[in-house]
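Let me begin by handing over the structure; questions about it come next.
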Amino acid sequence: MRHVTRILLLAILAVAAALPAWADTIVWRSPTKPLTIGLSTSDYTQIMFPEPIAHVVVEDPSYIDGKPLDGYDGRAIMFQSLLPKMATRAFFTGQSGNTYIVILTTDVPYRTYIEVVDGVAMKQMRESVASKMGPLDVVRAMAQDADVPGITRETYVIPNWFRGNGMTFDLSEIWQSPTVTGLVVHVRNENPQPNEVNLPAVVIPKTSEWGNLRFASMENLRLAPAGQPNDKGVLFLVFIR
(Lines give C-alpha, C1' and ligand atoms only; values in the text may rest on other atoms or scores of the structure.)
Protein backbone atom coordinates (compact mmCIF):
# COMPACT_ATOMS: atom_id res chain seq x y z
CA MET A 1 0.00 0.00 0.00
CA ARG A 2 2.82 2.38 0.82
CA HIS A 3 4.30 1.65 -2.64
CA VAL A 4 0.99 2.49 -4.37
CA THR A 5 0.60 5.66 -2.32
CA ARG A 6 4.12 6.73 -3.23
CA ILE A 7 3.43 6.19 -6.95
CA LEU A 8 0.29 8.35 -6.80
CA LEU A 9 2.09 11.08 -4.87
CA LEU A 10 4.85 11.08 -7.47
CA ALA A 11 2.21 11.35 -10.21
CA ILE A 12 0.78 14.49 -8.63
CA LEU A 13 4.25 15.98 -8.27
CA ALA A 14 5.01 15.09 -11.88
CA VAL A 15 2.01 17.11 -13.06
CA ALA A 16 3.34 20.15 -11.23
CA ALA A 17 6.90 19.57 -12.42
CA ALA A 18 5.75 19.37 -16.04
CA LEU A 19 4.67 23.02 -16.01
CA PRO A 20 7.19 25.52 -17.36
CA ALA A 21 8.89 27.52 -14.63
CA TRP A 22 7.54 30.77 -16.09
CA ALA A 23 3.95 29.56 -16.46
CA ASP A 24 1.02 31.10 -14.62
CA THR A 25 -1.54 28.45 -13.80
CA ILE A 26 -5.29 28.64 -13.40
CA VAL A 27 -7.46 25.77 -12.25
CA TRP A 28 -10.50 24.63 -14.21
CA ARG A 29 -13.07 23.23 -11.77
CA SER A 30 -16.23 22.73 -13.83
CA PRO A 31 -17.96 23.80 -17.08
CA THR A 32 -20.07 26.28 -15.09
CA LYS A 33 -17.10 28.20 -13.65
CA PRO A 34 -15.50 30.48 -16.27
CA LEU A 35 -11.79 31.24 -16.30
CA THR A 36 -10.56 34.82 -16.81
CA ILE A 37 -7.43 35.45 -18.89
CA GLY A 38 -5.93 38.84 -19.65
CA LEU A 39 -4.85 39.79 -23.17
CA SER A 40 -2.69 42.56 -24.61
CA THR A 41 -2.64 44.42 -27.92
CA SER A 42 1.17 44.26 -28.09
CA ASP A 43 1.83 40.56 -27.51
CA TYR A 44 0.24 37.14 -27.70
CA THR A 45 -0.83 35.04 -24.73
CA GLN A 46 -0.29 31.32 -25.10
CA ILE A 47 -2.96 29.20 -23.40
CA MET A 48 -2.13 25.55 -22.76
CA PHE A 49 -5.14 23.34 -22.05
CA PRO A 50 -5.04 19.99 -20.22
CA GLU A 51 -6.24 18.16 -23.34
CA PRO A 52 -6.46 18.66 -27.12
CA ILE A 53 -9.12 21.20 -28.09
CA ALA A 54 -11.55 19.94 -30.72
CA HIS A 55 -13.75 23.02 -31.16
CA VAL A 56 -13.65 26.75 -30.31
CA VAL A 57 -16.46 29.32 -30.39
CA VAL A 58 -15.74 33.00 -29.64
CA GLU A 59 -18.71 35.29 -28.98
CA ASP A 60 -17.03 38.35 -30.54
CA PRO A 61 -14.33 37.06 -32.90
CA SER A 62 -13.60 40.58 -34.20
CA TYR A 63 -12.17 41.51 -30.79
CA ILE A 64 -9.25 39.10 -30.88
CA ASP A 65 -6.71 37.37 -33.07
CA GLY A 66 -6.25 33.68 -32.31
CA LYS A 67 -4.26 30.82 -33.78
CA PRO A 68 -3.30 27.30 -32.73
CA LEU A 69 0.33 26.43 -32.05
CA ASP A 70 1.95 23.52 -33.85
CA GLY A 71 3.69 20.80 -31.90
CA TYR A 72 1.41 20.74 -28.86
CA ASP A 73 -1.09 18.09 -29.96
CA GLY A 74 -3.88 20.66 -30.27
CA ARG A 75 -3.57 21.79 -26.65
CA ALA A 76 -2.03 25.24 -27.22
CA ILE A 77 -3.73 28.33 -28.68
CA MET A 78 -2.40 31.90 -28.86
CA PHE A 79 -4.57 35.01 -28.49
CA GLN A 80 -4.01 38.74 -28.83
CA SER A 81 -6.48 41.57 -28.32
CA LEU A 82 -7.30 43.74 -31.34
CA LEU A 83 -8.80 46.48 -29.16
CA PRO A 84 -7.29 48.51 -26.31
CA LYS A 85 -10.29 47.65 -24.14
CA MET A 86 -12.50 44.65 -24.64
CA ALA A 87 -13.95 41.47 -23.13
CA THR A 88 -15.47 38.44 -24.78
CA ARG A 89 -16.26 34.86 -23.92
CA ALA A 90 -14.77 31.86 -25.67
CA PHE A 91 -15.99 28.27 -25.43
CA PHE A 92 -13.37 25.54 -25.82
CA THR A 93 -14.50 21.93 -26.18
CA GLY A 94 -11.90 19.29 -25.44
CA GLN A 95 -11.64 15.84 -26.95
CA SER A 96 -13.06 14.40 -23.72
CA GLY A 97 -16.18 16.53 -24.10
CA ASN A 98 -15.21 18.93 -21.31
CA THR A 99 -16.15 22.55 -21.96
CA TYR A 100 -13.80 25.31 -20.83
CA ILE A 101 -15.45 28.74 -20.71
CA VAL A 102 -12.84 31.50 -20.83
CA ILE A 103 -13.38 35.25 -20.50
CA LEU A 104 -10.71 36.93 -22.63
CA THR A 105 -10.29 40.53 -21.55
CA THR A 106 -7.94 43.50 -21.36
CA ASP A 107 -9.31 44.40 -17.93
CA VAL A 108 -6.85 42.12 -16.10
CA PRO A 109 -3.05 41.93 -16.53
CA TYR A 110 -1.96 39.76 -19.41
CA ARG A 111 0.54 36.92 -19.13
CA THR A 112 2.71 35.43 -21.84
CA TYR A 113 1.93 31.85 -20.89
CA ILE A 114 -1.12 30.43 -19.09
CA GLU A 115 -1.44 26.77 -18.12
CA VAL A 116 -5.00 25.53 -17.51
CA VAL A 117 -4.91 22.72 -14.94
CA ASP A 118 -7.71 20.17 -14.74
CA GLY A 119 -8.83 20.62 -11.14
CA VAL A 120 -11.36 17.78 -11.40
CA ALA A 121 -8.67 15.26 -12.37
CA MET A 122 -6.31 16.57 -9.67
CA LYS A 123 -9.06 16.26 -7.06
CA GLN A 124 -9.74 12.67 -8.10
CA MET A 125 -6.03 11.87 -7.93
CA ARG A 126 -5.71 13.42 -4.46
CA GLU A 127 -8.72 11.45 -3.24
CA SER A 128 -7.22 8.28 -4.70
CA VAL A 129 -4.01 8.91 -2.73
CA ALA A 130 -5.94 9.55 0.47
CA SER A 131 -8.18 6.49 0.05
CA LYS A 132 -5.15 4.19 -0.15
CA MET A 133 -3.60 5.47 3.07
CA GLY A 134 -3.94 3.18 6.07
CA PRO A 135 -4.08 4.23 9.74
CA LEU A 136 -0.30 3.98 10.12
CA ASP A 137 0.23 6.23 7.09
CA VAL A 138 -2.12 8.84 8.57
CA VAL A 139 -0.44 8.67 11.99
CA ARG A 140 2.97 9.06 10.35
CA ALA A 141 1.79 12.12 8.41
CA MET A 142 0.28 13.69 11.54
CA ALA A 143 3.42 13.02 13.58
CA GLN A 144 5.59 14.58 10.86
CA ASP A 145 3.14 17.47 10.40
CA ALA A 146 3.26 16.68 6.67
CA ASP A 147 0.46 17.72 4.31
CA VAL A 148 -1.01 14.88 2.24
CA PRO A 149 -2.90 15.36 -1.05
CA GLY A 150 -6.57 14.53 -0.55
CA ILE A 151 -6.52 14.99 3.23
CA THR A 152 -7.82 18.26 4.64
CA ARG A 153 -6.47 19.68 7.88
CA GLU A 154 -8.56 21.82 10.19
CA THR A 155 -7.47 23.52 13.38
CA TYR A 156 -10.14 22.44 15.83
CA VAL A 157 -9.08 23.55 19.28
CA ILE A 158 -11.18 22.24 22.17
CA PRO A 159 -9.35 22.82 25.46
CA ASN A 160 -10.17 20.26 28.16
CA TRP A 161 -11.85 18.05 25.57
CA PHE A 162 -11.99 15.35 28.21
CA ARG A 163 -10.20 14.28 31.39
CA GLY A 164 -9.17 10.96 32.83
CA ASN A 165 -6.71 9.45 35.32
CA GLY A 166 -5.36 12.84 36.34
CA MET A 167 -4.71 13.95 32.75
CA THR A 168 -6.31 16.54 30.48
CA PHE A 169 -6.81 15.89 26.77
CA ASP A 170 -7.01 18.93 24.44
CA LEU A 171 -8.21 18.38 20.86
CA SER A 172 -6.14 20.57 18.51
CA GLU A 173 -6.49 19.37 14.92
CA ILE A 174 -8.66 17.17 12.67
CA TRP A 175 -7.42 15.45 9.50
CA GLN A 176 -10.11 14.28 7.07
CA SER A 177 -10.09 12.06 3.99
CA PRO A 178 -13.04 10.34 2.26
CA THR A 179 -12.61 7.30 4.55
CA VAL A 180 -10.36 8.32 7.46
CA THR A 181 -10.47 10.86 10.28
CA GLY A 182 -7.33 11.62 12.27
CA LEU A 183 -7.23 13.59 15.51
CA VAL A 184 -4.26 15.34 17.09
CA VAL A 185 -4.74 15.49 20.86
CA HIS A 186 -2.41 17.19 23.35
CA VAL A 187 -2.19 15.43 26.71
CA ARG A 188 -1.21 17.16 29.98
CA ASN A 189 -0.40 15.47 33.26
CA GLU A 190 -2.10 17.27 36.15
CA ASN A 191 -0.76 15.00 38.88
CA PRO A 192 2.25 15.90 41.04
CA GLN A 193 3.47 12.36 40.36
CA PRO A 194 4.55 10.73 37.08
CA ASN A 195 1.63 9.43 35.09
CA GLU A 196 1.23 7.00 32.22
CA VAL A 197 -1.25 7.08 29.35
CA ASN A 198 -2.95 3.71 29.05
CA LEU A 199 -4.11 3.80 25.43
CA PRO A 200 -6.56 0.85 25.63
CA ALA A 201 -8.25 2.54 28.59
CA VAL A 202 -8.65 5.95 26.94
CA VAL A 203 -12.36 6.70 26.55
CA ILE A 204 -13.01 9.59 24.20
CA PRO A 205 -16.29 11.45 23.62
CA LYS A 206 -18.42 9.61 21.08
CA THR A 207 -18.81 11.29 17.68
CA SER A 208 -20.45 9.09 15.04
CA GLU A 209 -19.35 11.24 12.08
CA TRP A 210 -15.71 10.21 12.63
CA GLY A 211 -16.43 6.49 12.38
CA ASN A 212 -14.86 3.76 14.51
CA LEU A 213 -11.61 4.24 16.40
CA ARG A 214 -9.08 1.86 14.84
CA PHE A 215 -5.68 3.14 15.88
CA ALA A 216 -4.07 5.17 18.67
CA SER A 217 -0.44 6.16 19.01
CA MET A 218 1.56 8.31 21.39
CA GLU A 219 5.31 8.92 21.34
CA ASN A 220 5.67 9.60 25.06
CA LEU A 221 3.32 7.43 27.09
CA ARG A 222 4.95 8.19 30.45
CA LEU A 223 4.51 11.81 31.51
CA ALA A 224 6.57 13.64 34.11
CA PRO A 225 4.90 15.27 37.15
CA ALA A 226 2.83 18.37 36.40
CA GLY A 227 4.95 21.46 35.87
CA GLN A 228 8.07 19.44 35.06
CA PRO A 229 9.71 19.00 31.64
CA ASN A 230 8.04 16.24 29.60
CA ASP A 231 4.75 16.50 31.48
CA LYS A 232 2.97 16.75 28.13
CA GLY A 233 2.60 14.50 25.10
CA VAL A 234 0.78 14.24 21.78
CA LEU A 235 -1.78 11.52 21.12
CA PHE A 236 -2.78 10.54 17.57
CA LEU A 237 -6.15 8.87 16.97
CA VAL A 238 -7.36 7.41 13.67
CA PHE A 239 -10.99 6.56 12.87
CA ILE A 240 -12.26 4.58 9.87
CA ARG A 241 -15.66 5.33 8.38
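Of all residues in the stretch 100-113, count the ones that are surrounded by 15 or more Cβ atoms within 10 Å (Cβ to Cβ) and out of contact with any helix residue (DSSP H, G or I) (no Cβ under 8 Å at 6 or more places or on another chain).
9
Checking the conditions here, which among GLU190, GLU173, GLU196 is surrounded by 14 or more Cβ atoms within 10 Å (Cβ to Cβ), closer than 15 Å to LYS232 by Cα, assigned by TED's automatic domain parsing to the domain that holds ALA226 and free of Cβ contacts under 8 Å to residues at least 40 places away in the same chain?
Just a single option satisfies the conditions, and that option is GLU190.
Return the residues of the stretch 176-228 that are at pLDDT below 90, in a loop (DSSP other than H, G, I, E, B) and charged (D, E, K, R); say none if nothing qualifies.
Within the stretch 176-228, LYS206, GLU219 qualify.
If you go through the stretch 162-175, how many residues are at pLDDT below 90 and touching a helix residue (DSSP H, G or I) at 6+ places or on another chain (Cβ under 9 Å)?
2
Table: residues versus (1) outside the structural domain of MET48 (by TED's automatic domain parsing); (2) surrounded by fewer than 17 Cβ atoms within 10 Å (Cβ to Cβ).
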position	(1), (2)
MET78	no, yes
SER81	no, no
PHE91	no, yes
GLU115	no, no
THR152	yes, yes
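The values are calculated or read from the model by the stated rules, or taken from the named source; none is laboratory data. Values in this document were obtained by computation on a predicted structure and should not be read as measured data. Here the Cβ is made from the backbone with ideal geometry for all residues, glycine too, and neighbour counts use every protein chain on show.
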